[in-house]
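A quick write-up on the structure given underneath.
The values are calculated or read from the model by the stated rules, or taken from the named source; none is laboratory data. Here the structure is a predicted model, which is why all the values come from computation and not from measurement. Glycine also receives a Cβ, built like all others from the backbone with ideal geometry; neighbour counts cover every protein chain displayed. Ligands, DNA and RNA are stripped out before the accessible areas are found, and what is left, the full protein with its side chains, is counted by its heavy atoms. Shrake-Rupley method; radii C 1.70, N 1.55, O 1.52, S 1.80 Å.
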Amino acid sequence: MKLHRITALIVRHLYLYRRSLPRIMEIFYWPFLDLVIWGFITLYLARYQSQVPGFVTFFLGALILWDMLFRAQQGITISFLEELWARNLMNLFASPLKPSEFLAATMAMSVMKVTIVSIVMSVCALLFYSYNILIVGAWLMPFVLNLVITGWIIGVFTTSLIMRFGQEAEVLAWSMVFLFQPISCVFYPMEVLPTWLQMIAMANPAAHVFEGMRTALGAGAPPIEDLAWAVGLNGALLVGVVAWFYRTVAYCKDQGLLVRVGE
Amino acid sequence: MSSPVLKASDLTKRFGDFTAVNGVSFEIRPGEILGLLGPNGAGKTTTIQMLLGLVTPTAGSIHMFDLDLSTHREEILQQVNFSSTYISMPQSLTVEENLWVVARLYGISDMARRVNDIVKKLEMEEFRGKVTRKLSSGQMTRLTLAKAFLTEPRILFLDEPTASLDPDIADKIRSLLKEERRSSGLSILYTSHNMREMEEMSDRIIFLQRGRIVAEGTAQDIVDRFGKADLEEVFLKFAREQGQSSS
């Protein structure tokens, strides 16, 4: 991998965001709205705090962490879509740029978006609801890292599908991640799912992160097992999805799909 | 004779039942301008896309600088570039920003000097700070040409590079191409539907029809072989034959 090719793509996206207020707004708009709506719901439900202990802590913490995953996924997929919309894929794939460098650049963009959104959401939660995300404690960082990687996995998978099926599949960039939300057990424990769905959720690294978060916040016990599952699954799925991306690039080159941009 | 910088052997591309390129073989020598001619659908663009690694050939091989494209993609693509009427550049970036990104992508040292040189050469000073979305089609063509020249390629693939340029700029571009060829030994694969331009620019011409090479030689050789008055008449003969067979 060559660093100058990765930085070229990052610089290209930074130029884009520097001049585009709608794009900057898009990064903050949904997380901010989520926080406002769910924040008030949480405040309302907090009246019953005695019946559901730690409700506020679980809910707002989960919301902020879920948005990190969502932004990590968007960082990958939207970066690809920007190239598709700009009809720039030919310029990139006819250059020495490798697929791995392309992915590395989109992952870097994803980390930047997650960092900015996390800071903004955490500050807003503190200001509006007196909620401090740092109460999750020392486990926060491994949780966040795992969620970012899960976001990458969903992002690379979605990007492969858009590359394969063309611009008409771009709606997946926003919808795919929500397919994973019910089995990520963001706002409820895994045990409330039907048994068959629990089996599927077990294969989702995000579900283990959110289980771990509840364990850490509730019982205060170290969520080692949950984290171990998340790390193992993320590692295996990341390798698998990157291999799938390479396979998709090869398929698109064989079918001439990279040069046929559009619906 | 010097060894070819590009050698395509028995190049074939099939999309399902449709054969876009059928057993095409040719070479380009250092400093040579090879014209690729043929009616729409003859396989010119697919050939160029295979040479750029954007489309994988069904059969055949591509070697550039004695390296196989299928195994040395990165080294080869570092030394080639292209410009085409059917590509674009990121619309929300300025002309200069787009060139900076390309310069970084190819790892060009002394980027500022290179970008300034190319902007000057292609007379782009007045719109270098303009957002690409606001460029006229002629300015856009100059930007894609600037992108291609910026990386100082050894082989340039140009698909109708002067199609949307006014005669003055088109003439300057042709002069620039000839000058680059003379000064740096640049090799060029050139397509155009402007037959006078092809005669003026090309050292040799390959005529494609339905994905096959049907004629090869200098413009004069081809005109003489088919007993026509000029290259345009030869083109019309092949275009109409292809049109009849496909209708």
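For the protein assembly as shown, the solvent-accessible area works out to 43 Å² per residue, with a probe of 1.4 Å and every protein chain left in place. Placing dummy labels 7 Å off each Cα toward the beta-carbon, the span from residue A:126 to residue B:228 is 7.5 nm.
Its Cα gyration tensor gives the protein assembly as shown an equivalent ellipsoid; the semi-axes, largest first and in whole Å, are 54, 24, 18.
With heavy atoms of protein chains only and a 1.4 Å probe, what residues of region A:8-26 have at least 40 Å² less accessible area in the full set of chains than alone? Residues shielded by partner chains are A:8, A:12, A:15, A:19.
Within the accessible area of region A:3-255, the carbon and sulfur atoms contribute 73%, probe 1.4 Å, all protein chains present. A DSSP coil position with no more than 16 other Cβ atoms inside 10 Å describes none of the chymotrypsin sites (Phe, Trp or Tyr not before Pro) in region A:101-144. Per-residue shielding of B:105-111, expressed as the average number of other chain Cβ atoms within 10 Å of the residue Cβ, stands at 4. When a 1.4 Å probe is rolled over the protein heavy atoms, the share of accessible surface on region B:88-152 that falls to carbon and sulfur comes to 45 percent.
Highest mean first, the peptides A:206-217, A:87-98, A:186-197 sorted by other C-beta atoms within 10 Å per residue fall in the order A:206-217, A:87-98, A:186-197.
Full extension of the chain between residue B:175 and residue B:113 yields a length gain of 20.1 nm, computed as 0.36 nm times the residue separation minus the alpha carbon distance.
Based on alpha carbons, the Rg and Dmax found for chain B are 18.1, 54 Å.
Measuring r between the beta carbons of residue A:115 and residue B:70 and using R0 = 56 Å, the FRET efficiency lands at 0.90.
Quick one: which bits of region B:36-75 get at least 10 Å² less accessible when the partner protein chains are in, versus the chain alone, with a 1.4 Å probe? So the qualifying set is B:49, B:52, B:53, B:54, B:55, B:56, B:73, B:74.
Taking the 0 to 90 degree range and rounding to the nearest ten, how far is the long axis of helix A:224-255 tilted relative to the main principal axis of chain A, both from C-alpha atoms? Around 20 degrees separate the two axes. When chains B and A come together, the accessible area they lose, probed at 1.4 Å and totalled over both chains, is close to 2900 Å². Per-residue shielding of B:13-20, expressed as the average number of other chain Cβ atoms within 10 Å of the residue Cβ, stands at 1.
If r is the Cβ-Cβ distance from residue B:17 to residue B:130 and R0 is 45 Å, what FRET efficiency results, to the nearest 0.05? For residue B:17 and residue B:130, the calculated efficiency is 0.50. What the Cβ-Cβ distance of residue B:241 and residue A:199 gives, at R0 = 51 Å and to the nearest 0.05, is a FRET efficiency of 0.20. When both bridge partners sit in the protein assembly as shown, DSSP labels roughly 55% of those beta bridges antiparallel. Here each label is just a point 7 Å from Cα along the line to Cβ, and for residue B:194 and residue A:250 those points are 4.3 nm apart. Rounded to the nearest 10 degrees, the inclination of helix A:21-45 to the longest alpha-carbon principal axis of chain A is 20 degrees. With everything on Cα atoms, drop me the angle between helix A:140-165 and the longest principal axis of chain A, reported from 0 to 90° to the nearest 10. Around 40 degrees separate the two axes. When restricted to Cα atoms, chain A yields an Rg and a Dmax of 19.2, 62 Å, respectively. Sum -39500 (n - 2.57) across every DSSP H segment of at least 4 residues in the protein assembly as shown, then divide by the residue count to get the 222 nm mean residue ellipticity, nearest 500. Roughly -19000 deg cm²/dmol at 222 nm, from the helical runs in the protein assembly as shown.
Taking a straight Cα-Cα cut-off under 16 Å and skipping sequence neighbours fewer than 8 places away in the same chain, the lysines within cross-link reach of residue B:120 are B:130, B:147, B:172. Taken residue by residue and averaged, Cβ atoms of other chains lying within 10 Å of the Cβ of B:86-96 number 6.
Contact order for chain A, expressed relative to its length and based on alpha carbon pairs under 8 Å spaced 6+ residues apart, stands at 23 percent.
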